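Scroll down for the structure; my scribbles are underneath it.
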Amino acid sequence: MPEESTWRSVFRNDLFKGKVALVSGGGTGIGKSIVIELASLGATVVISSRNEEKCHKAADELNALGFSGKVAAGPSTNIRKEEDIQKLISHVVERYGALDILVNNAGGQFISDSADISKRGFQAVVETNLQGTFLMCREAFNQYMRDNGGSIVNITIGNRNGMPGMMHSAAARAGVENMTASLCVEWIESKVRINCVRPGIIFTESGFENYGPAGEYFLEKIVPSLPAKRLGSAEEVSSAVVWLLCEGAGYVTGSVICVDGGGSYVALPLVEIEDKTNLPTYGYLPMKAKL
Ligand SMILES: CCCCCCC/C=C/C(=O)SCCNC(=O)CCNC(=O)[C@H](O)C(C)(C)COP(=O)(O)OP(=O)(O)OC[C@H]1O[C@@H](n2cnc3c(N)ncnc32)[C@H](O)[C@@H]1OP(=O)(O)O
Ligand SMILES: NC(=O)C1=CN([C@@H]2O[C@H](COP(=O)(O)OP(=O)(O)OC[C@H]3O[C@@H](n4cnc5c(N)ncnc54)[C@H](OP(=O)(O)O)[C@@H]3O)[C@@H](O)[C@H]2O)C=CC1
């Protein structure tokens, strides 16, 4: 996390004054950076995840840094569980009287060849990333935003070229982006805007711990293949999130902003393809060139 003395948001410091925000997975990584942005711009921010202690620790740390009382941990919430989500949203609305901003940042997956993913493994990833995001949006809308308006940002993952090695997550996040397109129309009458931010490969300690040595190995191969030749920072993601949430983005809904240094336009070498290809050729004419 940046030192408070050196870190300044690029946005106006009262941008979210009086607003109440909920950031899922806000105790670590990208989510924590979004929390810092929102709190520093005047919002009251509730953070939640499965590990409540981690969220309390992050809230205490941020409040001690100068966001005194602006950051609070909500109840432990597993976004795979509908009842946890219902309780979390009602906790925020009852305690803070509003829910103006929702950032669906919680999510994750594991690296695996698709052929080795069990049914439960696939379900766990889809339940977390697609169903969890849907239920968070639905509850926020039904319990508050339908009558009061609001702004939602869903964090997704690079899925333009699929994501060999993380197929389940890319499929679920593509679903989130498509769901966002539907919801932006259905909820516009309630003055709810909903958008996505699709990060490329972003350095977060918490995120990469999840992959262990496999993560290091992949990174060595991925970084040279990225057009930007570097990883992104959490702050580069949270800047985009905050812009989408603010009034200046008032005509933006249903969109996806890629924060990926151009990574969507190259194939990431997450899986190795042998030089010798086995794909049979079809054709009647003799091949002039060796394909
Ligand atoms: C390193 C470079 C690669 C490119 C990076 C791309 C950029 C993306 C970065 C990020 O997303 S950073 C965020 C990372 N953080 C996380 O992913 C954390 C959250 N993830 C999880 O909690 C899990 O991955 C989960 C599967 C979503 C949930 O795990 P949980 O333990 O709660 O699931 P269970 O209900 O216990 O198990 C369900 C099912 O899933 C199988 N499974 C779980 N982990 C793995 C694994 N590592 N490999 C294979 N299978 C796994 C588990 O075995 C269960 O299935 P069955 O065994 O019962 O069939
Ligand atoms: N870092 C990267 O390169 C990229 C990350 N992303 C996405 O950005 C988001 C943040 O990732 P990042 O900050 O890197 O990694 P983190 O692991 O730090 O963030 C994931 C957060 O989600 C929470 N979470 C995970 N599963 C659940 C669940 N079932 N219910 C509630 N909370 C949950 C975790 O908390 P807890 O364990 O306490 O539940 C954690 O705080 C994720 O959705 C990730 O997939 C997308 C593209 C690239």
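Here are some notes:
- A single member of VAL185, VAL92 is more than 26 Å from GLY27 (Cβ to Cβ) and over 19 Å from the mean Cα position of the chain (by Cα), and it is VAL185.
- Filter pass, GLY121 being touching a residue at least 40 places away in the same chain (Cβ under 8 Å), under 30 Å from TRP7 (Cβ atoms) and either buried (at least 18 other Cβ atoms within 10 Å of the Cβ) or not aromatic (Phe, Trp, Tyr) (or both): no
- Filter result for THR133 (among the polar types (S, T, N, Q), more than 8 Å from ligand 1 (Cβ to nearest atom) and closer than 21 Å to ILE30 by Cβ): yes
- When segment 233-279 is filtered for residues that are of a type in the set (Ser, Thr, Tyr) and under 29 Å from ILE152 (Cα atoms), the ones remaining, listed by number, are SER233, SER238, SER239, TYR251, THR253, SER255, SER264, TYR265.
- Segments classed as helices (runs of 4 or more DSSP H), wholly inside segment 202-291, with at least 3 members that are more than 16 Å from the chain's Cα centre (by Cα) and at pLDDT 85 or above: 212-222
- Per the listing GLY25, GLY69, GLY97, the residue uniquely at pLDDT 95 or above, among the small types (Gly, Ala, Ser) and away from ligand 2 (no atom under 16 Å from the Cβ) is GLY97.
- Exactly one residue out of ILE194, ILE222 is in contact (Cβ under 8 Å) with a residue 24 or more places away in the chain, hydrophobic (A, V, I, L, M, F, W, C), surrounded by 14 or more Cβ atoms within 10 Å (Cβ to Cβ) and within 16 Å of ligand 2 (Cβ to nearest atom): that is ILE222.
- Pairing each residue of segment 241-259 that is under 20 Å from SER9 (Cα atoms) with any residue that is of a type in the set (Asp, Glu) and surrounded by fewer than 18 Cβ atoms within 10 Å (Cβ to Cβ), provided the two are 6+ apart or on different chains, yields C-beta distances under 8 Å for VAL259/GLU236.
- One residue stands out among those in segment 147-167 that are more than 25 Å from GLY262 (Cβ to Cβ) and out of contact with any strand residue (DSSP E or B) (no Cβ under 8 Å at 6 or more places or on another chain): the one that is nearest to ligand 1 (Cβ to nearest atom), which is ASN148.
- Just one of the numbered conditions (1) at pLDDT 95 or above; (2) under 23 Å from PHE218 (Cα atoms) is not true of ASN195: (2).
- Of all residues making up segment 198-208, the number that are under 11 Å from GLY29 (Cα atoms) and either out of contact with any Ser or Thr (no Cβ under 6 Å at 6 or more places or on another chain) or among the charged types (D, E, K, R) (or both): 6
- Criterion applied to ALA115, ALA106 was being within 16 Å of ligand 1 (Cβ to nearest atom), farther than 27 Å from SER239 by Cβ and not aromatic (Phe, Trp, Tyr), and the one residue passing it is ALA115.
- SER233 being under 27 Å from CYS184 (Cα atoms), surrounded by 13 or more Cβ atoms within 10 Å (Cβ to Cβ) and of a type in the set (S, T, N, Q): no
- Scope segment 49-89; condition small (Gly, Ala, Ser) and either in contact with a Lys or Arg (Cβ under 7 Å, 6 or more places away or on another chain) or under 16 Å from ASN105 (Cβ atoms) (or both); matching residues: SER49, ALA58, ALA59, ALA73, GLY74, SER76
The values are calculated or read from the model by the stated rules, or taken from the named source; none is laboratory data. Predicted, not measured: the structure shown is a model, and the values here were computed from it. Heads up, the Cβs are rebuilt from the backbone with ideal geometry, glycines too, and the neighbour counts pull from every protein chain shown.
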